[in-house]
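Written below as structure tokens is the structure these notes are about.
The values are calculated or read from the model by the stated rules, or taken from the named source; none is laboratory data. None of the values given here were measured: they were computed from a predicted structure. Positions of Cβ are generated from backbone atoms using ideal geometry, with glycine treated the same way; all protein chains shown enter the neighbour counts. Heavy atoms of the whole protein, side chains included, go into the accessibility calculation; ligands, DNA and RNA do not. Shrake-Rupley method; radii C 1.70, N 1.55, O 1.52, S 1.80 Å.
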Amino acid sequence: MEYLDFELPIRELEEQLDKCTVIGQESDVDVSNTCKQIEKKLEETKKKIYKNLTAWQRVQLSRHPSRPYTMDHVRALTGDTFLELFGDRGFKDDKAMIGGLGKIGGQSFMIVGQQKGFNTKTRQFRNFGMPNPEGYRKALRLMKMAEKFGVPVITLVDTPGAYPGLEAEERGQGEAIARNIFEMCRLKVPIITIIVGEGASGGALGIGVGDRVYMLENTWYSVISPESCSSILWRSWEYKEQAAEALKLTAFDMKKQNLIDDIIPEPLGGAHYDRETTFKSVEEYILKAYNELKDLSTHDLVEQRMDKYSKMGEFKE
């Protein structure tokens, strides 16, 4: 288990508990009371830390190397029914954007999402979860295919942003994202969007238009990352904690602003502490959303989606 800087008190207590357990196993000394005291203190410390997380700490948790990525969710949700589909039929296949058909609870879904890597080799292979234009065009191709066959769409968002390289701009990165937003607004099948990690800028919005948009508890969704915001406003990354607070990017901030529909709770400590519980919660929210949307007519579905996004940004002086 890897620990973040604010989790160090937990690591110390867990190490003490491990040592206490080993002493009890290797000697005749009764250390059961001591172990129970450490366990109690450990549980109290976890609650104290995780119930009072700052915005920046939630950003850190969303990037935890042990956190389940998109393909982890897909495998857990669909089992052996997932059939991955490739390519945008124009340039090439983008490994940072995955997509395919799979069954959840007996219902077929077209699943699209950004995929990060878990070590140096796979991070380079997945381009650190930053899709190129062909990734967004691939996603749109799959969503239009789903529309053709009446299959609902699930999008899983986890990206530090769309790839900002010169070659991506030359191939029309901005147009690809804008086209996706435009087409998703009028797609004639239900769209369920879940932020499972980072939701940064247009890179997230490119597959983020949904009839139901959910965020896992320790994720973020914003126009810019705290580090980039800090570097623009203060010309330094040192103020990233302040930037994270000011951006109002946590799931709770987004719910308060009515920009998402609900928050999917995570186990104490984050999704990586208990993956199975996290996957089960995600599945429940997906099926609940689908059951709410499946009986709507095409006209009502699109109209409600349009209204949902038209109302965002309204304010009264």
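A few notes on this one:
- Restricting attention to segment 73-100, the residues being closer than 16 Å to ILE194 by Cα, open to solvent by less than 40 Å² (accessible area, probe 1.4 Å) and in contact with a helix residue (DSSP H, G or I) (Cβ under 7 Å, 6 or more places away or on another chain) number 5.
- Yes/no for LYS103 being open to solvent by 60 Å² or more (accessible area, probe 1.4 Å), outside any helix (DSSP H, G or I) and more than 24 Å from SER62 (Cβ to Cβ): yes
- Assessment of segment 35-53 against the conditions (more than 15 Å from GLY269 (Cβ to Cβ), open to solvent by 50 Å² or more (accessible area, probe 1.4 Å), among the polar types (S, T, N, Q) and modelled with pLDDT under 95) yields at least one matching residue.
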